[in-house]
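Have a look at the structure below, then the notes.
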Amino acid sequence: MLKIVDKDWNEATIRAIQHHFRNFILRTLCKTILRTIGQFRLLARLSLLATAITLSACSGIQTEKTDGLVRSQSERDQKKIGRVFGGDGVSLFGADNESNGPSGIGVNSFLWRASLDTISFMPLASADPFGGVIITDWYSPPSSPLERFKMTVYILDRKLRADGLKVSVFRQTRITQTAPWNDAAVASTTPTELEDSILTRARQLHVASADPQ
């Protein structure tokens with residue numbers, strides 16, 4: 001409470017002074033509060049801006065790393081496509097190597113190509129250049145529609161060797177075009193003849209690569 005110094009002041013004057021003083025205090029408090037709120041808002045905006053800049057920078061770094069990984073994967077895929085038969089084996093766009101290095105597949109390139117050339121008249125079911133296994137689908141010769149054959153070729157070595165190759169032949173026959181297929185015996189010489197044909201073709205490819213014209 002204000003201390004009354006002048007005795008001539010009446011009660012109304014004292015109340016007016018008190019009212020103005022309270023208004024002054026309230027205005028000062030309001031200005032202080034508004035200033036504080038403004039500072040908090042500014043700090044909040046600065047904090048949000050800093051967070052946004054940090055996230056943007058992190059996102060850029062992550063994108064750059066991700067792009068690098070994608071490019072690396074893409075390059076690996078292109079190399080794999082370029083070498084359909086894998087690693088240092090048969091290359092569509094480069095030279096063939098007789099044997100594979102540590103990063104190549106574990107089969108001989110000439111045996112692999114020779115096998116594909118020799119059985120090219122038959123439809124392929126699968127060809128695994130890393131395991132060196134070629135499996136054909138069933139094939140019926142035009143001259144003998146009531147029998148069909150299927151082959152599996154195994155390339156067992158990195159070197160061009162006679163014992164680095166094995167061929168299995170399967171045969172089925174039926175009585176009529178609508179009858180079911182039944183397993184049948186295969187002539188014992190058929191796998192050996194196929195292996196000899198593949199080896200002969202592989203030697204031709206080897207000689208051709210060693211002495212290009």
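Laboratory data are not the source of any read-out in this text; all were calculated from the coordinates shown. Bear in mind that the values here come from a model prediction, so they are computed numbers and not experimental data. Glycine also receives a Cβ, built like all others from the backbone with ideal geometry; neighbour counts cover every protein chain displayed.
Other residues with beta-carbon under 13 Å from the beta-carbon of Q177 carry, at +1 per Lys or Arg and -1 per Asp or Glu, a net charge of +1.
Couplings 3J(HN,Hα) for region 143-159, derived from phi with the Karplus relation 6.51 cos²θ - 1.76 cosθ + 1.60 (θ = phi - 60°), are 7, 9, x, 8, 9, 9, 10, 9, 10, 10, 10, 10, 9, 9, 9, 7, 8 Hz, where x marks Gly and Pro. In this calculation the C-beta distance from L146 to L124 is compared with R0 = 30 Å, giving a FRET efficiency of 0.80.
Between R203 and I175, take the C-beta separation as r, use R0 = 45 Å, and let me know the FRET efficiency to the nearest 0.05. Using R0 = 45 Å, I get an efficiency of 0.60.
Between A185 and D211, what is the FRET efficiency for a Förster distance of 41 Å, r being their Cβ-Cβ separation, to the nearest 0.05?
Working: r = 43 Å, r/R0 = 1.04.
The computed FRET efficiency comes out at 0.45.
Packing, taken as the mean count of other beta carbons within 10 Å per residue, orders the peptides 187-198, 172-183, 112-123, 136-147 from highest to lowest as 112-123, 187-198, 136-147, 172-183.
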